[in-house]
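Reviewing the structure listed below.
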Amino acid sequence: MTRSLADQAAELPDNEDSFTELLPGTRRALLHRTAAEQANGRAPSLVAAVVRDGRIVWTGSRTMVEGHGPDGDTQYRIGSITKTFTAVLVMRLRDEGLLDLGDPLDKHLPGTGVGEVTVGQLLAHTGGLAAETPGEWWERTPAALRPELDDVLGEKPFRHPVGQRHHYSNPGYTLLGSLVEKLRGAPWDEVLRREVLEPLGLHRTTAQPQAPHAGGWAVHPWADVMLPEPLEDLGLMAPAGQLWSTVHDLARFMVFLAKGDERVLSAESVREMRAPAAPPESGDWDGGYGLGVQLFRGDRGSLAGHAGSLPGFVACALLSEEDGLAAVALANATSGPRVVTLAAELLGIVAEAEPRIPEPWRPLAEVRQEVLELAGSWYWGTCAFGLRLVADDGLELGPLAGAGRSARFRAEDDGSWTGLNGYYAGETLRAVRRADGSVSHLDLGSFVFTREPYEAEAPVPGGVDPEGWRAFG
């Protein structure tokens, strides 16, 4: 008996389950790229991982010691990726109402001498503070040399006017760690473990190394010989670069940074962290900085995450929200391996070889009639826009042709909508109704959108000339 197409389709595997594993060719390409970086970068060892749609789908490594390759559970020092963890703690304080990103530091941590800098400026490296501490190189000297914040900041802590430019500052994140300790009444690493690491299941991310872990090495630039690097405890500088972690833990952390986790930070708050908060350095328009998150421009679009280095180690963790991918690369060499390039290229290999399968179209589960009637075409003056309904009474506005301002909007309890991105981020959209309840126009931050161009009865920029539209011949 001939089976119907519906019967045959019912026997096909579910799409999501069919594409959880990478194809053999993709896995080999990932291993080849990782092996090439370990060889060309002359790294004693290098380990990498790839995440797709929230799940680790590949881990690979190469090492100079045959048969002893690191795996996803081997710790490496991750340097400035630590800053993203510290930023999460600060955002938690903000979400709890204990501080505002616009608060001057002095409001919560007085006596530093740089109290006019705001919390948000410290997160985005726009506070004008020096990049490094005074005195000897803090990454390779004992923390006992910097027992107080004065030793971290020095007599002249500023290099630029506050708030005027992006200037990466390690001491700035020491201040943020001290802020966390002041408001929580506990050491930074203890707060981090309790509020972030344990809820997210990052049990192999620690302030001190725990076996199995890699040793840090310096490789001679002109000879294939090595020198062990010292492993210093950073003391007050710990919130800027102390942590040790694994590719598996960092892969999970990237999933959190993409989607949020209500036990730690909401999806909205991690989205705020990934949004540009500081301009790129002059002449460098391929990157930027959010709130504790580095932003990169990859071949396929925007990437978010952070790179890190300390003597003996380089690290990078990146995510592509558009492709639903993340990649982590860790190596135990002071320099040589290009881990940022490697992580970005691992993302590109998977995205190009196995493009993301689009989610199936599904109708909205429910919609209110007073929201549905807003859908369709609207005009700002003579510019045509389309307004589309999305889930949870949300709206999307965009030009029907050519360039123009697009935005997504979140529904609010009072019947208005708040812009989430672009020019209209934070602006309020309202449907203005006539006495009979019908919609007169949309008000978007004082911009009036009407159903017809320059509609005569609408407020500015409604029809002005009493003779209306006319022809000339």
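The values are calculated or read from the model by the stated rules, or taken from the named source; none is laboratory data. Here the structure is a predicted model, which means the values were calculated and not measured. With ideal geometry, Cβ positions are generated from the backbone for all residues, glycine too; neighbour counts draw on all protein chains shown.
Confirm whether THR205 is touching a helix residue (DSSP H, G or I) at 6+ places or on another chain (Cβ under 6 Å) and not small (Gly, Ala, Ser). Give the steps one after another, and end with the answer.
Working: touching a helix residue (DSSP H, G or I) at 6+ places or on another chain (Cβ under 6 Å): yes; not small (Gly, Ala, Ser): yes.
Answer is yes for this residue.
Quick check on my filter: what residues within region 209-229 are assigned to a strand (DSSP E or B) and either surrounded by fewer than 10 Cβ atoms within 10 Å (Cβ to Cβ) or free of Cβ contacts under 8 Å to residues at least 24 places away in the same chain (or both)? Don't jump to the end; show me each part of the working.
Initially, region 209-229 is screened for residues assigned to a strand (DSSP E or B), giving 213, 217-219, 226-228.
Of everything in region 209-229, just one residue is assigned to a strand (DSSP E or B) and either surrounded by fewer than 10 Cβ atoms within 10 Å (Cβ to Cβ) or free of Cβ contacts under 8 Å to residues at least 24 places away in the same chain (or both), namely LEU227.
Being among the acidic types (Asp, Glu), surrounded by 16 or more Cβ atoms within 10 Å (Cβ to Cβ) and over 21 Å from PRO276 (Cα atoms), is that true of even one residue in region 387-395? Break it down stepwise before answering.
As a first pass, look at region 387-395 and keep what is among the acidic types (Asp, Glu): 392-393.
From what is left, the residues that are surrounded by 16 or more Cβ atoms within 10 Å (Cβ to Cβ) are 393.
Now restrict to residues that are over 21 Å from PRO276 (Cα atoms): 393.
Scanning region 387-395, I find at least one residue that is among the acidic types (Asp, Glu), surrounded by 16 or more Cβ atoms within 10 Å (Cβ to Cβ) and over 21 Å from PRO276 (Cα atoms), so the answer is yes.
Can you give me the number of residues within region 415-453 that are in a loop (DSSP other than H, G, I, E, B), under 38 Å from the mean Cα position of the chain (by Cα), over 18 Å from ALA384 (Cα atoms) and not hydroxyl-bearing (Ser, Thr, Tyr)?
6
How about region 52-87: which of its residues are at positive phi and free of Cβ contacts under 8 Å to residues at least 12 places away in the same chain? Show your work before the answer.
So the first thing to find is which residues in region 52-87 are at positive phi, and the list is 53-54, 67, 79.
If the condition is that a residue be at positive phi and free of Cβ contacts under 8 Å to residues at least 12 places away in the same chain, then GLY67 is the only one that fits.
So if I check each of GLU322, GLU359, GLU345, GLU366, which one is charged (D, E, K, R) and part of a helix (DSSP H, G or I)?
Values: GLU322 fails: part of a helix (DSSP H, G or I); GLU359 fails: part of a helix (DSSP H, G or I); GLU366 fails: part of a helix (DSSP H, G or I).
That would be GLU345, the only listed residue that is charged (D, E, K, R) and part of a helix (DSSP H, G or I).
For THR59, are the conditions met, namely being closer than 24 Å to GLN242 by Cβ, polar (S, T, N, Q), assigned by TED's automatic domain parsing to the domain that holds THR206 and crowded, with 20+ Cβ neighbours inside 10 Å? Before you say what the answer is, go through the steps one by one.
Working: closer than 24 Å to GLN242 by Cβ: no; polar (S, T, N, Q): yes; assigned by TED's automatic domain parsing to the domain that holds THR206: yes; crowded, with 20+ Cβ neighbours inside 10 Å: yes.
For THR59, the condition - closer than 24 Å to GLN242 by Cβ, polar (S, T, N, Q), assigned by TED's automatic domain parsing to the domain that holds THR206 and crowded, with 20+ Cβ neighbours inside 10 Å - is not met.
Kindly check whether there is at least one residue in region 454-462 that is closer than 13 Å to TRP378 by Cβ, in the same structural domain as SER377 (by TED's automatic domain parsing) and either free of Cβ contacts under 8 Å to residues at least 60 places away in the same chain or not in a loop (DSSP other than H, G, I, E, B) (or both).
Among the residues of region 454-462, not one is closer than 13 Å to TRP378 by Cβ, in the same structural domain as SER377 (by TED's automatic domain parsing) and either free of Cβ contacts under 8 Å to residues at least 60 places away in the same chain or not in a loop (DSSP other than H, G, I, E, B) (or both), which makes the answer no.
What residue, among those in region 144-158 that are surrounded by 14 or more Cβ atoms within 10 Å (Cβ to Cβ) and not hydrophobic (A, V, I, L, M, F, W, C), is nearest to GLY79 (Cα to Cα)?
This residue is ARG146.
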